[in-house]
Amino acid sequence: MTDPYQQNNPGFGGPQYGPPGTGPDLNKPQDTAALPQQFDSQPYAQPSDPYAQQPQYGQPNPYGQQPGGYPPAGFGPQGYNPNDPEAPWGRDQFGAPFSDKQKLIAGLLQIFLGSFGVGRFYTGHTGIAIAQIAVTWLTCGFGVIWPIVDGVLMLVGKVPDSDGRPLRD
């Protein structure tokens, strides 16, 4: 099957697209002086292009990102952020600062040592911790259900610390 748009032209040296005689004349030497000066040294970047130059060490990054494509420091709830003194452990999705206490530690302490109120002492609720100790010992151990349920609530993030901040992951 023959393609009507490809014709072998013996003087041209290969296939030609379009009507004969409309392509470039490869027998004629190329004039390099007619090319723009911007393509001599850097074919894809011009000196006036702000995206062509990378910021040097010690200069502020104009794109607001850290090198490597990471978001700026302090973004998200993970890790310690000394740049936000009101929320050094980050903020939740509503903007409330996270506590310095972890919900996994608080929940496990409350489940395993809840009869002694250890999880509530950890979060700063001393009054509730003393009440859990009293209920557990006054009911001869049947009051241990309260600290276990309280520990599960801590693990799912329903219990804040004594300052009202949500426990961090």
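Some points to look at:
- Cβ crowding within 10 Å averaged over residues, with 142-150, 111-119, 81-89 ranked highest first: 111-119, 142-150, 81-89
- For the pair V156 and L104 in one chain, pulling the backbone fully straight at 0.36 nm per residue adds 17.8 nm over the alpha carbon distance.
- Model label sites at A96 and L138, defined 7 Å from Cα along the beta-carbon direction, differ in position by 3.0 nm.
- Taking θ as phi - 60° and the Karplus parameters 6.51, -1.76 and 1.60, the scalar couplings of segment 129-136 work out to 5, 5, 5, 5, 4, 5, 5, 5 Hz in sequence order, x denoting glycine and proline.
- A crude spin-label estimate for the pair E86 and T22, with each label 7 Å from Cα along the Cβ direction, gives 6.8 nm.
A short reminder: the numbers here are calculations on the coordinates, not readings from a lab. Here the structure is a predicted model, which is why all the values come from computation and not from measurement. Glycine gets a Cβ as well: all are built from the backbone with ideal geometry, and neighbour counts include every protein chain shown.
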